[in-house]
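The numbers here are math on the coordinates, done by the rules we state, and not lab data. What you are looking at is a predicted structure, and each value in this text was computed from that prediction instead of being measured. When we count neighbours, we look across all protein chains shown, and the Cβ atoms used for this are built from the backbone with ideal geometry, even at glycine.
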Amino acid sequence: NAESFAGCLANAVEIGGDRITPETISICERSLAAYPFKDLQGRTRLKQGCRLTFINHDLKDGNVFLPRDPSRDPVYIIDWAFWTIGIGTDDLANFGLVGFCADAGLTRRLVRRYHDRLVQSGVQDYTWDDCWHDYRLSTIRNLFIVLNSFRDREYSWSNLQRVLSSFKDLDCDELLNA
């Protein structure tokens with residue numbers, strides 16, 4: 001809930017010290033104020049049990065096994081300890097946080113490919129704009145993931161920098177001000 005994340009922000013400020021700038025604190029506080037995201041623009045279309053999927057919640061390269069021959073063998077995802085029902089872009093954004101650098105152009109192309117595959121696989125009534133909107137909200141949600149796990153100054157700081165970079169590159173602030 002928002003109160004526990006506010007405590008996580010206070011913990012991050014204490015551990016991060018002067019690295020946690022007033023701008024960073026402002027972004028985190030505004031994101032917390034917008035929580036839960038179902039109240040943000042467009043999110044009401046996600047009614048409970050509708051347009052949701054299984055999400056791993058710990059998607060990283062060590063948990064994904066790619067086949068040697070993709071035409072013959074499937075992809076395997078392991079370590080489902082934190083699984084839940086949610087929005088597929090949450091896993092995608094989390095994988096982006098730990099799996100590749102924050103490059104808005106690359107991110108947009110990868111999310112577009114994800115959306116195209118969903119449509120090819122039969123997903124209906126999920127527009128590109130909805131998918132991109134969800135991905136950007138999932139990027140904001142990554143702030144909570146990082147704040148919740150802020151323990152080690154160097155490692156946590158690195159993760160926070162990546163998510164803040166994505167937040168800025170993808171203009172996620174626009175969603176908080178909508």
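Which of the three applies to the stretch 65-178, rounded, prolate or oblate, going by the alpha-carbon gyration tensor with a ≥ b ≥ c and a/c under 1.5 meaning rounded? Verdict is oblate for the stretch 65-178.
Label separation (residue 106 vs residue 151): 2.8 nm, computed from points 7 Å beyond Cα along the C-beta direction.
Between residue 121 and residue 65, the C-beta separation translates, for a Förster distance of 25 Å, into a calculated FRET efficiency of about 0.80. With 0.36 nm allotted per residue and the present C-alpha distance subtracted, the residue 174-residue 33 stretch has 49.3 nm of extension available.
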